[in-house]
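> Just passing along the structure, written as structure tokens.
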Amino acid sequence: MDKLIITGGMPLHGEIRISGAKNAALPILAAALLSEAPVIIGNIPHLHDITTTMELLGRMGVQLLVDEKMNIEIDSSTISSYDAPYELVKTMRASILVLGPLLARYGEAHVSLPGGCAIGSRPVDIHLNGLTKMGADISVENGYIHAKVNRLKGCRLVLEQVTVTGTENLLMAATLADGITTIENAAREPEVTDLAHFLNKMGAKITGIGSSVLVVEGVDKLGVDSIHYDILPDRIETGTYLVAGAITGGKVKLKNTRPHILDAVLDKLTEAGADISTGEDWIQLDMHGNKPKAVSLRTAPYPAFPTDMQAQFIALNCVAEGVGIITETIFENRFMHVQELQRMGADIRLESNTAICTGIDRLTAAPVMATDLRASASLVLAGLIAQGNTLVDRIYHIDRGYDHIEEKLTQLGATIRRVPK
Ligand code: EPU
């Protein structure tokens, strides 16, 4: 297993390009299953989760062609199996996203039930209840979801809880259903919006995009003509590098991103003392050499503060001036990074779903272990300001979601290297 070694202490300075959004690319690759003609997807990030999705589609018999710019052409006309096996679903829960498209287009799907994961129990009952309401016959046997239907029927769905992949699965399913489906209490995350735009480009009839009520008029076919679609930039990657700039008292400019989908994060960075400037597709953060101030926040569905940035802001609070109180409301067990940060000297107290952190002058390097993707990112951030060499183990989590992280951080002046094993 590869490790990262980070020598802390350098303020970051420089410019980097942000990659395409992992959490938009995954549903959009799954949505390509709905298309009659081949589709070409651009701005695909170079990530392990993308490779897993390609393997998943490939095993179903779908043909995939990748060019040197990471544009992927997907031709699902050769599909021969409707299965998502356990061995792939267990490494990437987002595999559940093939359920809606398979059922809508081919009337059949067999998808391994994702188990719990490092950040919480993460059930998929809302996905299954919605599809059942649309007429699917669903059973769970031997750890697999078996779903069948002649044609899904449009209906009114009121989601019990805001769920990102749940909304995406039901949205994809509804595009080919008979009649109109309304999805109320839908997730409004920019990645859901990106998927909806992609579906409409293939000929779907979705309105209410970006709101919590999505209305889908089912059509008979999608993607009759081949289309090209570029994935939106990754707001969580953007936010992570902004925190890297802030935590080190540096100045960073991130290009090929979208400031308006990061409002809640930019507000908190401003509160932390960052001087933020933005253009249409770039964000610059300048700390003018100062230490950050501690910030308090609560995670919640978009447009509120994202749970996927919680761990990074805890790392920021570790070395900030004052006390920051961070409450996690989306996942019940998303504080695994706290114990590792404490091993680096952080003063953090956990009270149920709240982390109370009193900033200290400096963290000290330690060997630490990544437990999930965003937790790993917070450990890398901590390593950037710790005294000594921090060794982050199990970084396959990072490779799932951060495109060339050590190259990008090196470009910003960090001392970081990958040690292969
Ligand atoms: N939930 C249910 N039942 C369901 C679905 C969800 O109870 O059927 C609960 C979950 O247990 C959780 C809450 O609803 O408490 C929200 O979960 P959601 O379904 O929105 O999460 P997700 O779709 O599984 C996506 C992202 C996550 C991100 C969350 C929240 C993808 C592929 N994953 O997960 O991204 O944290 O939304 O924004 O889009 C990451 O990138 O590191 C990551 C974990």
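The values are calculated or read from the model by the stated rules, or taken from the named source; none is laboratory data. Owing to the predicted nature of the structure, the values given are computational and were not obtained by experimental measurement. So basically every Cβ, Gly included, is an ideal-geometry build from the backbone, and we count neighbours across all protein chains shown. Heavy atoms of the whole protein, side chains included, go into the accessibility calculation; ligands, DNA and RNA do not. Shrake-Rupley method; radii C 1.70, N 1.55, O 1.52, S 1.80 Å.
> Over the chain, with a Gaussian network built from C-alpha contacts below 10 Å, which listed residue (Gly279, Gly130, Gly107) shows the highest mean-square fluctuation?
Largest GNM mean-square fluctuation: Gly279.
> With only Lys, Arg, Asp and Glu charged, each at its Cβ (+1 for the first two, -1 for the last two), find how big the charge dipole of the stretch 28-100 is about the Cα centre; round to the nearest 20 debye.
My answer is approximately 240 debye.
> The stretch 64-107: D in µm²/s via Stokes-Einstein (Kirkwood Rh, Cα pairs, 20 °C, 1.002 mPa s)?
So the translational diffusion coefficient is about 175 µm²/s.
> Under 1.5 on a/c is rounded, so check that first for the stretch 282-334, then, if it is not, pick prolate when a/b is larger than b/c and oblate when it is not; a ≥ b ≥ c are the square roots of the alpha carbon gyration tensor eigenvalues.
oblate
> Here's a follow-up. Under the definition of Cα pairs under 8 Å and six or more residues apart, what whole-number percent is the relative contact order of the stretch 159-237?
33
> Take the alpha carbon atoms of the stretch 228-242, find their center, do the same for the stretch 367-410, and report the distance between the two centers in whole angstrom.
Centre-to-centre distance over Cα atoms comes out at 18 Å.
> Considering only C-alpha atoms, what is the centroid distance from the stretch 185-216 to the stretch 61-92, in Å?
23
> Can you flag which of Lys90/Lys421; Lys90/Lys221; Lys3/Lys255; Lys133/Lys221; Lys90/Lys205 are past 25 Å Cα-Cα?
Beyond 25 Å between Cα atoms: Lys90/Lys221; Lys3/Lys255; Lys90/Lys205.
> Is the stretch 111-217 best put as rounded, prolate or oblate by its Cα gyration tensor, with a ≥ b ≥ c the root eigenvalues, rounded for a/c under 1.5, and otherwise prolate when a/b is larger than b/c, oblate when not?
Taking the square roots of the gyration eigenvalues as a ≥ b ≥ c, the stretch 111-217 is oblate.
> Could you work out the relative contact order of the chain, using alpha carbon pairs under 8 angstrom and six or more residues apart, expressed as a whole percent?
The normalised contact order for the chain reaches 22 percent.
> Accessible area per residue for the chain in Å², computed with a 1.4 Å probe and the full protein assembly in place, what is it?
In whole numbers, the chain has 39 Å² accessible per residue.
> Taking the Cα centre as origin and putting +1 on Lys and Arg beta-carbons and -1 on Asp and Glu beta-carbons, what dipole magnitude results for the stretch 52-154, to the nearest 20 debye?
So the magnitude is around 420 debye.
> Determine the calculated [θ] at 222 nm for the chain from helices alone, applying -39500 (n - 2.57) to every DSSP H run no shorter than 4 residues and normalising by the residue count; nearest 500 deg cm²/dmol.
Value at 222 nm, helices only: -9000 deg cm²/dmol.
> Report for the chain the percent antiparallel among DSSP-assigned beta bridges with both residues inside it, nearest 5.
Rounded to the nearest five, the antiparallel share is 70 percent.
> Could you tell me, in Å, what Rg and Dmax come out for the Cα atoms of the stretch 226-321?
In Å, with Rg to one decimal and Dmax whole: 13.5, 54.
> What percent does the relative contact order of the stretch 321-393 come to when contacts are Cα pairs within less than 8 Å and at least six residues apart?
32
> May I pose another question? Can you tell me how much longer the chain between Lys148 and Asn129 gets when fully stretched, taken as 0.36 nm per residue apart minus their C-alpha distance, in nm with one decimal?
5.5 nm
> Glu141 to Ile325: extension gain in nm, 0.36 nm per residue of separation minus the Cα-Cα distance?
Length difference between fully extended and current span is 61.9 nm.
> A follow-up question, please. Is any residue of the stretch 175-198 close enough, with backbone N under 18 Å, to a label point placed 7 angstrom from the Cα of Ser212 along the Cα-Cβ axis, and if so, which?
Those under the cut-off are 182-193.
> Now a separate question. Report the extension gain between Lys90 and Glu271 in nm, rounded to one decimal, defined as 0.36 nm multiplied by the number of residues separating them, less their alpha carbon distance.
61.3 nm
> Let me know the shape class of the stretch 170-245, please: from the alpha-carbon gyration tensor, a ≥ b ≥ c as square roots of the eigenvalues, rounded when a/c is under 1.5, otherwise prolate if a/b is greater than b/c, or oblate.
oblate
> Please list the three semi-axes, largest first and in whole Å, of the ellipsoid equivalent to the chain, using sqrt of 5 times the eigenvalues of its alpha carbon gyration tensor.
Its equivalent ellipsoid spans semi-axes of 38, 21, 20 Å.
> Roughly how many nanometres apart are two label points built 7 Å out from the Cα toward the Cβ at Thr78 and Val224?
2.6
> Computed from the mean reciprocal separation of all distinct C-alpha pairs, what Kirkwood hydrodynamic radius does the stretch 317-383 have, in Å?
By the Kirkwood definition, the hydrodynamic radius is 12.1 Å.
> Here's something else I'd like to know. Whenever you get a sec, compute what percent of the accessible area on the chain sits on carbon and sulfur atoms (1.4 Å probe).
49
> Please name whichever of Thr358, His228, Ile126 sits farthest to the positive end of the charge dipole of the chain, dipole taken about the Cα centre and charges placed at Cβ: Lys and Arg +1, Asp and Glu -1.
So the residue we want is Thr358.
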